[in-house]
Amino acid sequence: MAGNKDLHAANKAKKDEFYTQLSDIELELKHYKEHFKDKVVLCNCDDPYESNFFKYFSMNFNQLGLKKLIATCYDGSPIADSQLSLFEVAEIDKEQAAEKKAYKIEITEVKDENGDGAIDLSDVETLIKNNKNVLSLLKGNGDFRSEECIELLKQADIVVTNPPFSLFREYVAQLDQYNKDFIIMGNTNTLVCKEVFKMFKSDRIRTGFTHFNTGMFFYVPDTYEKYHHIENGKKIARVSTSCWYTSLPVKKHTENLILYKSYSSEEFPKYDNYNAINVDRYTDIPNDYNGIMGVPITFLDKYNPRQFEIIWQASGNTRASTPKEILKLVEYTPHLEDRGGCAILGGQRMYSRIFIRRRLSTQYLQQEETLPLAAEGEIKYNEKQ
């Protein structure tokens, strides 16, 4: 049975072939339909003949009103090029195909190719078979970091895929570098990695609508020894720390958390090495505290940047990269148990914590009938317009 230990082992071995089920893709992407109209969608970590992302967008090309769909295949994939014979793609030279497995598919329209009155995958298959301009071999290996794949990225409006988790941080950094909108699969363990966290801090990324940290099932290659069960002849593995990431609007991140608890020093003690109080659950955030608070990373799934400001994080080795002004703001004090920046409470290291404080802007004040004052001696937040 596949779990987090197996996922970490796969990461170490660079076994990145976890293929998302169509039902999970449909469940998430139904919330973004209005964002796809007249857009170029890129699936740059997907073998089109295996990827359910490609299937979803090709089947719904007209319904979504896409301008273009681009999908690329990496030649390191264990199933890359293995399905070409099913579609009898005669346009690809057999000797050339044997040497190069990386290819791309570009679709600008999907018609009822077989005349059966419906548009489905069979029409896409016919399109690929009969139109030599739809499928072409790549010069390189299809790596998303290659020059030709970056050129495809530049064409895209929205990137939608399940990137290799061993390269997730680099993948997200590239999306940020080229300022691309995206809907991608990820792991909740990456919430606090520096590439992702800085995007949360600047409101460039947020968790999606479904499956936050509840576990998802993925298809894996037959060569994988560890899996959960077999379905329709395919091995299925469960990853318990799965989530969606996106740059597009998500309703829950515009809604204020309902705060029902009041601050007390007994329930919300301060850390030994930071001038911030500890909040064990984001649902327990006190409604009358305006100072800095340390909350679990699960808070990011409910984070509304109009209600809270992210200050920094206390996690792993973050102290080394923390700006001096942030260390001064949180009044960091070295501690023997610190080991890199973790929050210490009662001499014990805590799990990763996100430092936040409430936004007391004019806009926010207008949304609240009353706003309790901060406890005496606590850091006050300067008003922002």
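Using the Karplus relation 6.51 cos²θ - 1.76 cosθ + 1.60 with θ = phi - 60°, the per-residue 3J(HN,Hα) values for the range 57-66 come to 6, 6, 5, 10, 3, 6, 4, 7, x, 5 Hz, with x marking Gly and Pro.
Rounded to whole numbers, the Karplus 3J(HN,Hα) couplings from phi for the range 137-144 are 6, 8, 6, x, 9, x, 4, 4 Hz, using 6.51 cos²θ - 1.76 cosθ + 1.60 with θ = phi - 60°, and x at Gly and Pro. Close amide H contacts of Ile311 (hydrogens built in the peptide plane, cut-off under 5 Å, sequence separation of 5 or more or a different chain): Phe355, Ile356, Arg357. Can you give the FRET efficiency to the nearest 0.05 for Asp284 and Glu151, using r as the Cβ-Cβ distance and R₀ = 35 Å? So the FRET efficiency works out to roughly 0.10.
Rounded to the nearest Hz, the phi-derived 3J(HN,Hα) couplings of the range 215-226 under the Karplus curve 6.51 cos²θ - 1.76 cosθ + 1.60 (θ = phi - 60°) are x, 9, 9, 10, 6, 10, x, 4, 6, 6, 7, 9, where x marks glycine and proline.
Bear in mind that the values in this text are calculations on the coordinates, not laboratory data. Note that this is a predicted model, so its numbers are computed, not measured. All Cβ positions, glycine included, derive from the backbone under ideal geometry; neighbour counts span all protein chains shown.
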